[in-house]
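Trainee: Dumping the structure here so I can ask a few things about it.
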Amino acid sequence: MIAILDYDAGNLRSVEKALGFLGEESLITRDRHEVAKADKLILPGVGAFGPAMQQLKKYEIDKMLQEAAAEGKPLLGICLGLQLLFDGSEENPGAEGLHLLSGSILKIPDKEGLKIPHIGWNSLTLSHNGRLFSGIAPQTYVYFVHSYYLKAKDEEIVMASTEYGTHIHASVESGNIFACQFHPEKSSTAGLRILSNFARIQGGNG
């Protein structure tokens, strides 16, 4: 069972629908007992960093995520869900993230000819043999919707990157914590393969 965490930040049904298409059992929930019983967690999200962190704390999902990470339960952050796993964001200075991974969330710089937010398909440069990208060809296109981007502290956790006015860390993997700035659930066949790869990952710290 994959728990899709509900903190009123949207984008839940499209993730649930994609998992259902793959034949994976999932549940949209914020119930602590259901989250504890789940084999894996997905933290989706669209919106602003600060208000989203307030919602995570309101429902104590921040604590559930910390506990899951400590247990080695596979966790996938998507879009805003990726950003929340890190320390903080230029979007809302002073709002602390989950600190599960180290890095900064920065505003995509203004550049002539590039629209912000970045909405559309970009190709991925793959590195470090990320488990999410098994069977994914180099330079595969995926779908992005964002105005802020990740600069991870440790380049070794970066499994995929892209270029949009700057160098963007598009996907990371550290232990059993995974995250994508792009939307796999909206990225056609490649995105479904990424979600399928996540569904096959085994939990635990061993």
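Trainee: I'm trying to understand the selection: among the residues of segment 153-182, which are under 20 Å from G97 (Cβ atoms) and open to solvent by less than 10 Å² (accessible area, probe 1.4 Å)?
Mentor: V158, I168, H169, A170, S171, V172, F178, A179, C180, Q181, F182 - these are the residues of segment 153-182 that are under 20 Å from G97 (Cβ atoms) and open to solvent by less than 10 Å² (accessible area, probe 1.4 Å).
Trainee: Yes or no: G203 within 18 Å of I42 (Cα to Cα), out of contact with any Ser or Thr (no Cβ under 7 Å at 6 or more places or on another chain), open to solvent by 20 Å² or more (accessible area, probe 1.4 Å) and part of a loop (DSSP other than H, G, I, E, B)? Write out each step before concluding.
Mentor: Working: within 18 Å of I42 (Cα to Cα): yes; out of contact with any Ser or Thr (no Cβ under 7 Å at 6 or more places or on another chain): yes; open to solvent by 20 Å² or more (accessible area, probe 1.4 Å): yes; part of a loop (DSSP other than H, G, I, E, B): yes.
Spelling it out, G203 is indeed within 18 Å of I42 (Cα to Cα), out of contact with any Ser or Thr (no Cβ under 7 Å at 6 or more places or on another chain), open to solvent by 20 Å² or more (accessible area, probe 1.4 Å) and part of a loop (DSSP other than H, G, I, E, B).
Trainee: Pick from segment 79-95 the residues that are more than 21 Å from N197 (Cα to Cα) and out of contact with any helix residue (DSSP H, G or I) (no Cβ under 7 Å at 6 or more places or on another chain): which of them is surrounded by the most Cβ atoms within 10 Å (Cβ to Cβ)?
Mentor: F86
Trainee: Of all the residues that make up segment 188-201, how many are at negative phi and without any contact (Cβ under 8 Å) to a residue 60 or more places away in the chain? Spell out the reasoning first.
Mentor: Of segment 188-201, the ones at negative phi are 189-201.
Then keep just the ones that are without any contact (Cβ under 8 Å) to a residue 60 or more places away in the chain; that gives 189-190, 193, 200.
Total meeting the criteria: 4.
Trainee: Test I136 against the criterion of being out of contact with any strand residue (DSSP E or B) (no Cβ under 6 Å at 6 or more places or on another chain) and open to solvent by less than 30 Å² (accessible area, probe 1.4 Å), and give yes or no.
Mentor: Numbers: out of contact with any strand residue (DSSP E or B) (no Cβ under 6 Å at 6 or more places or on another chain): yes; open to solvent by less than 30 Å² (accessible area, probe 1.4 Å): yes.
Yes, satisfied.
Trainee: Another question, if that's okay. Looking for something open to solvent by 30 Å² or more (accessible area, probe 1.4 Å) and of a type in the set (S, T, Y) - is there at least one such residue anywhere in segment 99-110? Spell out the reasoning first.
Mentor: Of the residues in segment 99-110, the ones open to solvent by 30 Å² or more (accessible area, probe 1.4 Å) are 99-100, 102, 104, 106-107, 109-110.
Those left that are additionally of a type in the set (S, T, Y): 102, 104.
Checked against the condition, which is being open to solvent by 30 Å² or more (accessible area, probe 1.4 Å) and of a type in the set (S, T, Y), segment 99-110 yields at least one hit.
Residues are listed down the side, and each one gets a yes or a no for (1) part of a helix (DSSP H, G or I); (2) open to solvent by 40 Å² or more (accessible area, probe 1.4 Å); (3) at pLDDT 95 or above; (4) under 26 Å from E156 (Cα atoms):
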| residue | (1), (2), (3), (4) |
| --- | --- |
| L41 | no, no, yes, yes |
| V46 | no, yes, no, no |
| G77 | no, no, yes, yes |
| G113 | no, yes, no, no |
| W121 | no, yes, yes, yes |
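Trainee: Going by the structure shown, is G23 part of a loop (DSSP other than H, G, I, E, B), over 28 Å from S161 (Cα atoms) and open to solvent by 60 Å² or more (accessible area, probe 1.4 Å)? Show your work before the answer.
Mentor: Values: part of a loop (DSSP other than H, G, I, E, B): yes; over 28 Å from S161 (Cα atoms): yes; open to solvent by 60 Å² or more (accessible area, probe 1.4 Å): yes.
So G23 passes the test.
Trainee: Do we have any residue at all in segment 137-156 that's part of a loop (DSSP other than H, G, I, E, B), of a type in the set (D, E) and closer than 15 Å to F86 by Cα? Give the derivation first.
Mentor: From segment 137-156, those part of a loop (DSSP other than H, G, I, E, B) are 137-140, 147, 153-154; that's our starting set.
Filter again for of a type in the set (D, E), leaving 154.
Subsequent filtering for residues that are closer than 15 Å to F86 by Cα retains 154.
Yes, there is a match, as at least one residue in segment 137-156 is part of a loop (DSSP other than H, G, I, E, B), of a type in the set (D, E) and closer than 15 Å to F86 by Cα.
The values are calculated or read from the model by the stated rules, or taken from the named source; none is laboratory data. Computed from a prediction, not measured in an experiment: that's the story for all the values here. Counting neighbours? That spans all protein chains shown, and the Cβs are built from the backbone with ideal geometry, glycine included. In case anyone asks, the SASA skips ligands and DNA or RNA and just uses the protein heavy atoms, side chains included. Shrake-Rupley method; radii C 1.70, N 1.55, O 1.52, S 1.80 Å.
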